[in-house]
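The structure appears right after this line, and notes come after that.
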Amino acid sequence: MATDYDAPRKTEEDLSEDSLQELQARRSDKNSGVVDEDETEAAEGFELPGADLSGEELSVRVLPRQADEFTCSRCFLVHHRSQLAYERDGAPVCSECAA
């Protein structure tokens, strides 16, 4: 919320003079300016500059799991054998999941 530092400030006497009705009226005035906006509609109209990637094609070369790698039974990521913490019932667990 913006603050106008040049505006006169209220003293303790001015603050105590505010009636309950005035404070309730101010609260209802603040809520009356609230606009219900659908977030999905707002997001659909928002575009980042240069972000049109609809015509792009991603090409990634995927290698099969190597002989010195294993798939962790908890996080399902492929790790090098040096990151093997232990095996439980024949299922390898990486050092990150073991920690």
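When a 1.4 Å probe is rolled over the protein heavy atoms, the share of accessible surface on region 45-86 that falls to carbon and sulfur comes to 54 percent. Rolling a 1.4 Å probe across all protein chains gives LEU23 an accessible area of roughly 90 Å². Restricting region 37-99 to GluC sites (Glu not before Pro) that sit in a DSSP loop and have at most 14 other Cβ atoms within 10 Å of their own Cβ leaves GLU37, GLU47, GLU56, GLU57.
Given a 1.4 Å probe and the protein chains as shown, SER82 ends up with an accessible area of around 90 Å².
Under 20 Å from a label point set 7 Å out along the Cα-to-Cβ vector of GLU87, the amide N atoms of region 51-69 belong to 65-69.
For the pair CYS97 and VAL60 in one chain, pulling the backbone fully straight at 0.36 nm per residue adds 10.6 nm over the alpha carbon distance. Counted residue by residue at 0.36 nm each, then reduced by the alpha carbon distance between them, the extension gain from ALA67 to HIS80 reaches 3.8 nm.
The values are calculated or read from the model by the stated rules, or taken from the named source; none is laboratory data. Only a predicted model underlies this, so the values are computations on that prediction, with no experimental measurement involved. No Cβ is skipped: glycine too gets one built from the backbone with ideal geometry, and neighbour counts run over all protein chains shown. Accessible surface is based on the protein model in full, side chains and every heavy atom, while ligands, DNA and RNA are left aside. Shrake-Rupley method; radii C 1.70, N 1.55, O 1.52, S 1.80 Å.
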